[in-house]
Amino acid sequence: MSETPPHDTADVLVVGSGIAGCAVALQAAREDADVCLITKAERPADASTDWAQGGISTARGDPEALKRDVLAASDGTADPNAVDVLVREADAAVEDVLLETLGIGFDEREDGAFDYAREAAHSERRILHVDAATGRHVLRPFLNYLDDHDRIEVRQDTAALELVTHEGRVHGVLTDEEPTGNPIYAGATVLATGGIGALYPRSTNPDGATGDGISMAALAGADVADLEYVQFHPTAFDGEEPFLLSEALRGEGAVFRNGDGRRFMTEYHSDAELAPRDVVARAVATEREETGEVVLDVSPIAFDAEFPTIAESCREHGLEGAEIPVAPCEHFLCGGIDVDDRGRTSLEGLYAVGECARTGVHGANRLASTSLLEGLVWGLRAGEAAAGRKAKPRVVDATELRDSDPALPERFSAEKFTRLQRTMNDSLGLERDPDGIARASAVLRRLKGEVDAYTRTRTSRELYELRNACVTALLIARAAGENPESRGCHHLVREDAPTAEPEVPR
Ligand code: SIN
C-alpha cells in the first residue's frame, strides 16, 4: 500500500505577508474560512509594505477627485472600472480595517483632525500617514492581529516554490518546508508575493522581491499583463545603499536642484516637483546626466521635525546638510498577474492581490500612496471571494521536486543575479529602445536556460528565487518588446516611437 504523502490543507491559502495578503487572510477568516498564510519573510521588514513611507491614500469623501488623479497620473491608461472600485471602497476599507479593527494611530494635527498629507500628482491632501514610516505602523499591528486569530495560521520562513495544478485548476502550493516540496492543498490559493526589486541593482524593495508569484502563476499558465510598466521612484538616496526619500517631502515643499544649483522641474511639467512620478524620474535622470548630480533640497520644510525617520536615515548615512543627493531607483511594478475586480486570475482556484497582481488601477504609471490602498481594497475583496467559493481543499497528485544533486556552486546565485540586474538596468530601465530590449531578451533567455539546468535536480529557495527572477525578467522584456508605444513607465527613446497623448486634464 502506498503511503499518503505528508500534507497540510486550508480553505484559503495566502502566499505573502504584506498588507494585501494580510487583508485577504482577515476577510477570509471573517467569512469563516480556515486560513493558512505562508510567507518566506522572517521579520515584518522582509515585506515591502513594512518599507512603505508616504502613507495610504483615502478618497477623503470625494471619490471622483481621487479617480481623476489616478487616471491623470496613469496618463489615461488606468482601467476606469477598476479605478471606480478603488475610489468607491477606499474610505470604508481604511475605516473598517485600519481604524476600527487595528486602531492605527495615524498622525493628527493639534486640533485632533487627521494630518492628511499631499504627494505628487494628488490634487489635494488626502493621505493618511504615521511620520513617513506608515508601512511598518500598519503592518506590524496587522500581523499581530492575525497571529492572535484562531482561524488563521501564519507560517513564517516558508516559501512557495510551485503551484499545484491538476486538470487546469490550482489546488495549493509546494513549499520549501521539510520534506522538500511539502504541499499545502487549498480550496483557494491567493498569491500576494509582492514586487520585483531584486531584478534591478538599485531598488527600494527588500531583497526578497524576486517576482515569485508572477513567475509561478505564469509558469502554471495564468495570464499576465502590463509587465513593461516598471515604476522608478525619482528620489532614492544616490549612494551604495539607496533608501527612499518619500514623495511626501516634495508634497510639503522640498525641491530639486541640479548640479548647477538650479531648480529645474518647472521646465519639465506645470506641476513641477509634484508632476507624475514617471515624468519626475526621467527629468531627474536627464539632469543628472547633463549636470552631474541632482539633490533634493529639504531646506524649505521642517525636515527633522516633520520627517524624523527619514532625517535619522540621512544621519545614519552620514548626510548632514539640507541637500540630499538623489537618483531614480526601481520601486514598483504596475503590471502583474491579470486579475478581475475580486482578484480572480485566469486559472480556476487562483487569486492574486497586491503588487504581484495587475488590477488595472495603475495603468502605465501608479499614483503615489495607492499601493497600500489597492492591496487593502483588493485583499478584502479577494478574501471574501476566495472564502465564498467554499471549495474544499483536494489532495491531488503534485509534481515531486527533485533534490538529488549537491548544493549550488558557491556564488552561483550571486553571479547570475548580478548578470540579470545589469541586463535589466541597461535595457529595461527608465528608458528603453527596441534593440536594447531584444538584446536583453537574448541574454535573459540564456540565463534562464542555465538556471533551469539546475532546477531539474536541485530544490532550494535560493535557486527558485533565481528561477522566478529570470522568468519575471523575461516576461518584462517580452512585454516591453511587444509594446511600441511610449506611455507612462514604458519610455522608448527610439526617435520614431509614437508619443503619448497630451496630459489628461484634471
Ligand atoms: C513615497 O513615500 O514616496 C512612496 C509612496 C508610494 O510609492 O506610493
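Quick rundown of the values:
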| quantity | calculated |
| --- | --- |
| Residue-normalised accessible area of the chain, expressed per residue, 1.4 Å probe, Å² | 39 |
| Spin-label pair Ser404/Glu323, simplified geometry with 7 Å Cα→Cβ offset, distance in nm | 6.3 |
| For Asp131, net neighbour charge (Lys/Arg +1, Asp/Glu -1) across residues whose Cβ lies under 9 Å away | -2 |
| Only Lys, Arg (+1) and Asp, Glu (-1) charged, at Cβ; region 1-127 dipole about Cα centre in debye | 340 |
| Heavy-atom accessible surface of the chain: percent carbon and sulfur, 1.4 Å | 43 |
| 14 Å beta-carbon shell around Ser17, net charge (K/R +1, D/E -1) | -3 |
| Compactness relative to 2.2 N^0.38 Å, alpha carbon Rg of the chain | 0.94 |
| Selection from Ser123, Thr134, Ala192 lying farthest towards where the dipole of region 106-203 points positive, charges on Cβ | Ser123 |
| Dipole axis of the chain (+1 Lys, Arg; -1 Asp, Glu on Cβ), positive-most option in Phe264, Thr235, Val12 | Val12 |
| Relative contact order computed over region 367-491 (Cα-Cα under 8 Å; 6+ residues apart), in percent | 29 |
| Cα gyration tensor of region 1-159 - equivalent ellipsoid semi-axes, whole Å, descending | 33, 19, 15 |
| Share of Cα-Cα pairs in region 383-499 lying beyond 25 Å, as whole percent | 44 |
| Distance between modelled label sites at Asp148 and Thr291, nm, 7 Å Cα→Cβ extension | 5.2 |
| Unit charges on C-beta of K, R, D, E only; dipole of region 377-477, Debye | 420 |
| Cα centre as origin, Lys/Arg/Asp/Glu Cβ charges: the chain dipole, Debye | 1140 |
| Cα shape, region 310-415, gyration tensor, a/c 1.5 rule | oblate |
| Unit charges at the beta carbon, dipole of the chain: most positive-side option, Pro308, Asn182, Trp51 | Asn182 |
| Area of Val14 that stays accessible when all protein chains are in place (1.4 Å probe, Å², to 10) | 0 |
| Linear extension gain, Thr180 paired with Ala414, 0.36 nm per residue minus alpha-carbon span | 82.0 nm |
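The values are calculated or read from the model by the stated rules, or taken from the named source; none is laboratory data. Everything quoted here is computed from the prediction, not taken from an experiment. Backbone-built Cβ (ideal geometry, glycine too); neighbour counts: all protein chains shown. What goes into the accessible areas is simple: the full protein's heavy atoms, side chains included, and nothing from ligands, DNA or RNA. Shrake-Rupley method; radii C 1.70, N 1.55, O 1.52, S 1.80 Å.
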